[in-house]
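Notes to accompany the following structure.
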Amino acid sequence: MARSLMLILALLALACAALTRPAIGQPVPLPVPEAADPPKTLRLPLGPADISLDPHAAPSGTSLNLIADIYEGLMQWLPGPSPRLAPCLAADWPKVSDDGLTYTFKLREAKFHNSECFKEGQGRAAKASDVVASFKRLAALSGEQRHWFWLVQGLIAGLDKYAEDMREGGGWNGNDDLVVEGLSAPDDSTFVLKLKRPFAPILSVLAHPALSIVAAEAMEHYMFELQRRAVGTGPYRLHALASSRIYVLKRFDRHWGEKPEFERVVYAEPEGPEAVATSQWGECELNASLARRHVRDGKLFGPLAKASVELSITDDIGSWFMSFNMSDGLMGSLDADGRGLRKAVSFSIDRARMAETCFGAIFGRAASEILPPGAEFAELGRHDDWGAYDLKRAKDVLDATKFKGGLNPDTGKPLSLTLFCPTGEFNRRMVEVIRAGLKALGMELDARQTSAAALFEAVDTGQGHLYFSGWFLDHPDPQNVFQLYESRNIGTGEENRNTARYSVPEFDADYAELCRISPDAAHQARRRELVGKLATRLLEDRPVVPLMVRRFARVRSTNLEWPALPDCVFDRVRFVKSRKS
């Protein structure tokens, strides 16, 4: 441990000697050397992925974490037992037109960080024109390999056409005066967003770091150098970076909101969990090798068990699941026989075995919910029946249908179900668990591991009976999951396709209402009621079988209080606090 500490201190000392302020073409004085671990510095691990500070072209979750510290959008998520949406750069909830298409935002008085892109280097007030320019740049970069335009694609009037024109013209080449119908700034403090159809979850999307507001001058001055430069309004500003592997953020004293506790945040590469035990780092993620070294029976052991650290195991914000082809006459009927068959198949799957086989002992678990943990109202989507593994119950349920004994009533032979899934060892392991469960019911499985393109074609054209799929949330609004069962998304070829080919008018009606209701406090009771109805209907009809959830293991300092926020929110650092003794 002493050697690890010395290596960390040497790394940080080297970084201090190499740090440069993010200015172009002009040398600046180096920072004054500080103690190895100032009491107001929070040190966090930097993952191995490529890093970019450009909100519109961020390549990884690590990048989005940094962006969320530096930038802000119109909305944000606040921590709590269930994530709560709130205005951010918007001064309040927007005024929404009666038809649900036009959102009028009033902006709060927020300052951009100081930057050479501004006159005399002084950050100015954020304006509605910055919001318009940020949306347009997001769309104009849609032809790049890394882009986030798909978050709002198909939603904003005129923006898809603008994106198409920019792609044909070579992509983004600076700000322009072209008018986009859905984006307007009547004055400096008013931004108007016009949608193509009612879609209240747009407010959840606006809290994503990719929808951060960038100063128009910064976009023009730095162009694609925004991957290493940053001019936002967030509670931290980019102070220095070294070799794109060490990032130092400093608290922005002119931030409009509550000041975060830590004066500096340093993202770098720690040696391992021992660095957390020495209080040099806030946390460290464990891989399988580190977990074998430091975890026994789900608990830390050895030196870490005596240190001021804890083992934190969190669920991914998404899951793997299996969809039934509800357009198949044999498998998809909504009568007692169809529901019983699907329920029996669900009960026959040993999800715990599947999760351990695919992920390992602590890195996966059986899924027993339709809404992933961390999603708003996630508790309404949990039910023991979703994840139950009970072969006796499965056989009893099946024998109460026309498929008694697992036989096809039309042929008298074992029912054979065709499953389409991607190639690879991971999916093969899932297949073997499904096969074993169906065999116990007297059924057969015809598993066809194929390319992603062939799988999607089978889904979109209704071939076969079963499909493997996975879905991971970009924002914790329950709409993000329920869209996968809206009949409008059958056979679209889009990423959010309805893989179950589920089509129930009552579900569509409740889902449409959920998409019309603003997620503000005044409508929370009705939204909660609708989420409960949608989850209950899916449980009764059983068009999908939740399978398993990936998990992450971290060693965290017990000297810190970590906010309750799902990983897809990213905006957590401003809420981290020292634990009071």
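Summary table below
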quantity: Elements of type helices (runs of 4 or more DSSP H) contained in segment 141-250, each with 3 or more residues being without any contact (Cβ under 8 Å) to a residue 40 or more places away in the chain; calculated: 159-168
quantity: Residue in segment 63-70 that is touching a residue at least 24 places away in the same chain (Cβ under 8 Å) and assigned to a loop (DSSP other than H, G, I, E, B) present; calculated: no
quantity: Residue match in segment 114-121 (condition: assigned to a helix (DSSP H, G or I) and under 26 Å from the mean Cα position of the chain (by Cα)); calculated: no
quantity: Long-range neighbours under 8 Å by Cβ, at least six apart or interchain, first residue within 25 Å of residue 539 (Cα to Cα) within segment 344-362, second of a type in the set (D, E, K, R) and surrounded by fewer than 18 Cβ atoms within 10 Å (Cβ to Cβ); calculated: 346/385; 347/390; 347/393; 354/429
quantity: Enumeration of residues in segment 429-451 that are part of a helix (DSSP H, G or I) and in contact with a strand residue (DSSP E or B) (Cβ under 7 Å, 6 or more places away or on another chain); calculated: 430, 431, 434, 435, 438
quantity: Residue in segment 85-108 that is in a helix (DSSP H, G or I) and surrounded by 16 or more Cβ atoms within 10 Å (Cβ to Cβ) present; calculated: no
quantity: Hey, residue 258 out of contact with any strand residue (DSSP E or B) (no Cβ under 6 Å at 6 or more places or on another chain), in a loop (DSSP other than H, G, I, E, B) and modelled with pLDDT of 90 or more or not; calculated: yes
quantity: Residue within segment 165-181 that is buried (at least 17 other Cβ atoms within 10 Å of the Cβ), closer than 19 Å to residue 105 by Cα and touching a Phe, Trp or Tyr at 6+ places or on another chain (Cβ under 8 Å) present; calculated: yes
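So that you can scan it fast, the table gives a plain yes or no per residue for (1) in a strand (DSSP E or B); (2) assigned by TED's automatic domain parsing to the domain that holds residue 388; (3) closer than 17 Å to residue 554 by Cβ; (4) polar (S, T, N, Q):
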site: 292; (1), (2), (3), (4): no, no, yes, no
site: 312; (1), (2), (3), (4): yes, no, yes, yes
site: 339; (1), (2), (3), (4): no, yes, no, no
site: 344; (1), (2), (3), (4): no, yes, no, no
site: 353; (1), (2), (3), (4): no, yes, no, no
site: 357; (1), (2), (3), (4): no, yes, no, yes
site: 365; (1), (2), (3), (4): yes, yes, yes, no
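The values are calculated or read from the model by the stated rules, or taken from the named source; none is laboratory data. Fair warning: this is a prediction, and the values are worked out from it, not measured in the lab. Backbone-built Cβ (ideal geometry, glycine too); neighbour counts: all protein chains shown.
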